[in-house]
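Comments concern the structure below.
The values are calculated or read from the model by the stated rules, or taken from the named source; none is laboratory data. In this text, all values refer to a predicted model and were calculated from it rather than measured experimentally. With ideal geometry, Cβ positions are generated from the backbone for all residues, glycine too; neighbour counts draw on all protein chains shown.
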Amino acid sequence: MVQPVHTSQQFQDELAPGTQLLSGQYTIIRFLNSGGFGITYLAKDSLERTVVIKECFPEAICRRSETAVRPRSQSHVSSYEALVRSFEKEARNQSKLAHPNIAGVHQVFRDNETAYMAIDFIEGQDLLDTIEERDNIPPDEVEKMLRQTLEAVGFIHSNGMLHRDISPDNILINKKGEPVVIDFGAARESEAKSDRAMSMLRVVKEGYSPQEFYLQGGEQDQSSDLYALAATFYHVIKGNAPDDSQARLAGLAQNGADTYKPLEGAIEGYRPSFLRSLDRALSIPPADRFQSVQEWLDALNEKMPVETKVVPTDVKEVSDTVEVNKKSERSGGSKPVALVALVVAAVIGGVGFFVMQGGTPDSTEADVANITTPAVAPLAEESAVAVETPDQETATVADAAVEIEPAAEEVAVSETAVTPAASATNWIGWSGQAVDLPFATVTTAQPQGSFSMVTLVRSDLDQNATDWLKSGTIIYSVNGHLVVDDASIIRAIQSKSDVSSTGEKLVEMRVKTATDGPVVEQNLTVRTGKVTELTNGVQFMTVSIGDDKWITKVSRSPSAISSLRVGDVVVSEAASKIPFEGQNAIKKTFEALGENGEETAQLTIARNGELKAVELPLAP
């Protein structure tokens with residue numbers, strides 16, 4: 001039971017100094033910092049030892065009443081309880097990490113209707129303050145700190161966990177000058193990807209987070225932590241963080257070049273192999289990075305060559321991207337080389353959501369009883385079904401342009417004429433328009449009722465909206481319809497059918513950007529595309545890349561389909577003989593396969609910079 005010292009004082013977020021936790025075992029000394037999902041305090045335990053206390057406080061869905069923490073509304077109860085349980089689980093997992101370069105967790109406990117963990121107090125300052133105080137840290141000292149941090153991160157990975165929030169402010173430098181990794185508030189067991197509560201605990205830090213952190217449900221692995229670690233030491237060396245991963249992707253989409261400036265050759269005093277290793281770890285495609293700490297250490301020890309693929313690359317138009325020299329292959333000549341430049345602004349990651357018209361609504365209704373904003377109409381029950389599902393992968397980011405040569409073991413796509421079967425089969429499950437939402441929201445209680453509050457914004461946001469659409473913006477209505485969550489926002493966007501030739505929609509919104517600010521009208525341009533789902537569950541997404549050019553990616557692939565992965569770009573299909581051009585190419589292709597009685601599609605796809613010939617079984 002908590003014994004507050006100042007019972008008459010109300011604290012919106014942090015606990016007051018002197019507040020006791022766990023029946024007096026811990027006493028809060030002062031507030032340290034806070035994030036979207038937790039508040040950190042300096043405290044004393046019952047033996048007068050200094051500790052750090054972290055409180056589970058997901059501010060978007062909870063509030064403080066006196067000292068107790070409670071969900072903001074009834075609709076948040078299940079999510080809040082799940083997050084508290086996940087916090088406790090992660091604290092217990094972290095308590096097993098006994099390593100000299102990792103802050104230890106002593107205890108996890110419940111109080112104030114939430115959860116807490118007691119953590120080692122590390123005397124020293126974080127790496128960010130160290131950088132600011134010391135203009136030039138000697139290269140050999142920087143390399144030593146990186147090696148020690150790598151060992152700590154490797155220990156985390158060896159225990160089946162990811163840190164997921166590595167940055168200069170989460171690495172402390174102790175009195176011995178050694179790095180200590182702290183703040184595992186976003187840590188998770190790598191196998192727990194299906195935990196929906198933990199999927200809410202996404203921490204994104206501009207400059208340090210890899211592109212996959214911006215996509216809800218995006219695949220994350222050890223290379224994700226290594227990207228963030230490389231970005232952290234890039235900051236140590238250069239004095240600033242590298243360009244944000246989403247800005248780099250946007251640069252690729254807009255002008256065909258990665259804006260990242262490699263360290264190798266630009267910084268003096270460091271071993272070239274050391275700088276080259278950082279460049280490689282900062283590659284945008286996860287496959288181009290180091291896949292483990294040991295790989296990185298081997299590169300630092302020069303036990304393996306380090307090849308980096310982050311040098312800015314020019315990109316050709318997609319219409320010229322794939323040229324397979326079949327004549328040369330048939331005549332026994334050299335194997336064809338293709339240039340695959342697959343940069344798609346509409347699918348560059350972030351918090352985008354694609355929703356198709358048709359299905360069953362899954363959002364809650366807005367509480368509009370006391371609405372005081374200008375009158376708007378409730379959203380009609382137009383239905384929507386999300387393209388992504390919890391047990392299936394979702395589309396991630398575009399591939400960088402690289403020269404590729406098909407692997408020798410890949411089977412060439414057959415050019416044999418197709419003999420129609422006796423009866424036709426319809427392989428198309430459904431097809432419809434989709435909306436790419438460049439932000440994510442949660443339902444939040446406002447004086448007028450429940451509405452949508454922006455939590456994350458993608459870096460490729462419409463430039464005209466960057467000043468007003470940001471974390472904390474309250475969205476009251478879209479196209480004249482009240483909105484309470486992402487699904488209702490997308491249905492409101494779909495309520496207007498005007499789509500430009502480039503697949504864009506102009507959206508009218510009523511928003512409030514500050515707590516005491518006015519409700520104002522704003523316009524936002526969003527992108528749309530075409531979604532086609534087959535009866536076997538495979539889903540394709542076709543989006544515009546301008547100039548009447550389109551690109552089709554795999555946006556869902558059931559586990560039973562081993563030949564395709566989410567993110568594969570479909571280049572052609574051999575059996576149908578349909579030219580792969582236009583927004584409806586994928587639909588026409590599978591309709592033709594059904595009419596011909598084909599039960600297998602012969603696809604040429606681009607994956608991680610390589611062309612592959614794969615067979616797709618069409619029967620469910």
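If you check Arg458, Arg510 for being touching a strand residue (DSSP E or B) at 6+ places or on another chain (Cβ under 6 Å) and of a type outside the set (Ser, Thr, Tyr), only one passes: Arg510. Considering the range 434-546, the qualifying strands (runs of 3 or more DSSP E), each wholly inside and each with 3 or more residues that are more than 17 Å from Ala60 (Cβ to Cβ) and among the hydrophobic types (A, V, I, L, M, F, W, C), run over 504-512, 520-534, 539-544. Among what's in the range 229-248 and is at pLDDT below 95 and among the small types (Gly, Ala, Ser), pick the residue that is farthest from Gly207 (Cα to Cα). The qualifying residue farthest from Gly207 (Cα to Cα) is Gly239.
Would you check if Arg510 is touching a Pro at 6+ places or on another chain (Cβ under 8 Å), among the basic types (Lys, Arg) and at pLDDT 80 or above? Spelling it out, Arg510 is indeed touching a Pro at 6+ places or on another chain (Cβ under 8 Å), among the basic types (Lys, Arg) and at pLDDT 80 or above. The residue of the range 566-613 that is nearest to Glu212 (Cα to Cα), among those that are under 28 Å from the mean Cα position of the chain (by Cα) and of a type in the set (Val, Ile, Thr), is Val566.
Please find, among Lys205, Lys193, Lys175, the residue that is modelled with pLDDT of 85 or more and either buried (at least 20 other Cβ atoms within 10 Å of the Cβ) or not hydrophobic (A, V, I, L, M, F, W, C) (or both).
So the residue among Lys205, Lys193, Lys175 that is modelled with pLDDT of 85 or more and either buried (at least 20 other Cβ atoms within 10 Å of the Cβ) or not hydrophobic (A, V, I, L, M, F, W, C) (or both) is Lys175.
Note on the range 598-611: residues that are touching an Asp or Glu at 6+ places or on another chain (Cβ under 7 Å) and either part of a helix (DSSP H, G or I) or surrounded by fewer than 17 Cβ atoms within 10 Å (Cβ to Cβ) (or both) amount to 1.
When the range 447-505 is limited to residues that are acidic (Asp, Glu) and in contact (Cβ under 8 Å) with a residue 12 or more places away in the chain, the one that is nearest to Glu206 (Cα to Cα) turns out to be Asp460. Among the residues of the range 144-160, none qualifies, meaning not one is surrounded by fewer than 16 Cβ atoms within 10 Å (Cβ to Cβ) and among the hydrophobic types (A, V, I, L, M, F, W, C). Residues of the range 547-563 that are in contact (Cβ under 8 Å) with a residue 60 or more places away in the chain and either aromatic (Phe, Trp, Tyr) or not in a loop (DSSP other than H, G, I, E, B) (or both): Ile551, Lys553, Val554, Ser555, Arg556. Which one of the conditions (1) at pLDDT 90 or above; (2) assigned to a helix (DSSP H, G or I); (3) closer than 25 Å to Gly239 by Cβ does Glu132 fail to meet, given that it meets all the rest? If we test Glu132 against (1) at pLDDT 90 or above; (2) assigned to a helix (DSSP H, G or I); (3) closer than 25 Å to Gly239 by Cβ, just (1) comes out false. Per the conditions (1) farther than 20 Å from Ile39 by Cβ; (2) touching a Pro at 6+ places or on another chain (Cβ under 6 Å), the sole criterion not satisfied by Ser158 is (2). Residues being touching a helix residue (DSSP H, G or I) at 6+ places or on another chain (Cβ under 8 Å), surrounded by 13 or more Cβ atoms within 10 Å (Cβ to Cβ) and either aliphatic (A, V, I, L, M) or at pLDDT below 65 (or both) are entirely absent from the range 442-455. When Val566 is tested against (1) assigned to a loop (DSSP other than H, G, I, E, B); (2) in contact with a Gly (Cβ under 8 Å, 6 or more places away or on another chain); (3) closer than 30 Å to Pro438 by Cβ, just one condition goes unmet, and that condition is (2). Here Glu595, Glu573, Glu591 are screened, and the one residue that is acidic (Asp, Glu), crowded, with 22+ Cβ neighbours inside 10 Å and within 20 Å of Trp430 (Cα to Cα) is Glu573. Filtering Val142, Val84 for residues that are farther than 24 Å from Ala68 by Cβ and of a type in the set (A, V, I, L, M, F, W, C) leaves a single hit, Val142.
All told, Val499 meets the bar of being in the same structural domain as His481 (by TED's automatic domain parsing), surrounded by fewer than 22 Cβ atoms within 10 Å (Cβ to Cβ) and either within 24 Å of the chain's Cα centre (by Cα) or aliphatic (A, V, I, L, M) (or both). Summed over the range 220-252, the residues that are touching a His at 6+ places or on another chain (Cβ under 7 Å) and farther than 18 Å from Val181 by Cα give a count of 1.
Of all residue pairs spaced 6 or more apart or on separate chains, those with beta-carbon atoms under 8 Å, a first member in the range 586-612 that is over 30 Å from Asp288 (Cα atoms) and a second member that is aromatic (Phe, Trp, Tyr) and not in a strand (DSSP E or B) are Thr589/Phe580; Phe590/Trp427; Glu591/Trp427; Leu593/Trp427; Gly594/Trp427.
Table: residues versus (1) more than 30 Å from Leu150 (Cα to Cα); (2) touching a residue at least 24 places away in the same chain (Cβ under 8 Å); (3) in the same structural domain as Ala445 (by TED's automatic domain parsing); (4) of a type in the set (A, V, I, L, M, F, W, C).
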{"position": "Pro58", "(1), (2), (3), (4)": "no, yes, no, no"}
{"position": "Cys62", "(1), (2), (3), (4)": "yes, yes, no, yes"}
{"position": "Ala68", "(1), (2), (3), (4)": "yes, yes, no, yes"}
{"position": "Ser75", "(1), (2), (3), (4)": "yes, yes, no, no"}
{"position": "Leu83", "(1), (2), (3), (4)": "no, yes, no, yes"}
{"position": "Arg92", "(1), (2), (3), (4)": "no, no, no, no"}
{"position": "Lys96", "(1), (2), (3), (4)": "no, yes, no, no"}
